[in-house]
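Okay, structure first, notes after.
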Amino acid sequence: APCCAVLLPLSGHAAGLAVFALGNAGFAAAVVVTSIVTRTYRQTATPPELLPRVMATVRFISWGAIPFGALAAGTAAALCGNRASLALLAVLSLISPAVLLASPVRRMRDLA
């Protein structure tokens with residue numbers, strides 16, 4: 001997803017529209033795959049009696065963060081402009097995978 005997000009600010013005029021569509025489609029596909037994988041892992045690793053609480057907590061945190069993200073994105077767009085805000089998002093979205101790749105998680109073969 002972060003690799004495709006980097007393409008979004010590069011879209012400009014007519015030719016850039018294809019770059020935007022490619023980046024947006026790649027980002028959406030990565031989000032779908034990530035969602036399926038994380039949800040499957042969460043459901044298999046959580047004991048059945050705790051699953052409703054875990055799922056509710058995850059939903060509360062992820063959906064609860066949306067207004068804060070919208071506020072931050074709106075503020076960044078107002079201060080820096082749309083293109084600069086998308087570039088900032090692209091750079092920030094590369095931090096999470098970089099941290100994971102540099103951590104011991106990369107070498108783990110058993111997640112349980």
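The values are calculated or read from the model by the stated rules, or taken from the named source; none is laboratory data. Every value quoted in this text rests on a predicted model; they were computed, and no experiment measured them. FYI the Cβ positions are ideal-geometry reconstructions off the backbone, even for glycines, and counts take in every protein chain you see.
When L100 is tested against the conditions (1) in contact with a Lys or Arg (Cβ under 7 Å, 6 or more places away or on another chain); (2) touching a residue at least 12 places away in the same chain (Cβ under 8 Å), the lone failure is (2). When residues in the stretch 26-75 are screened for being surrounded by 10 or more Cβ atoms within 10 Å (Cβ to Cβ), of a type in the set (A, V, I, L, M, F, W, C) and within 18 Å of the chain's Cα centre (by Cα), 16 of them pass.
Is it the case, given these coordinates, that L22 is modelled with pLDDT of 90 or more, surrounded by 11 or more Cβ atoms within 10 Å (Cβ to Cβ) and more than 14 Å from the chain's Cα centre (by Cα)? In short, no. As for the stretch 43-55, it holds no residue that is at pLDDT below 95 and of a type in the set (K, R).
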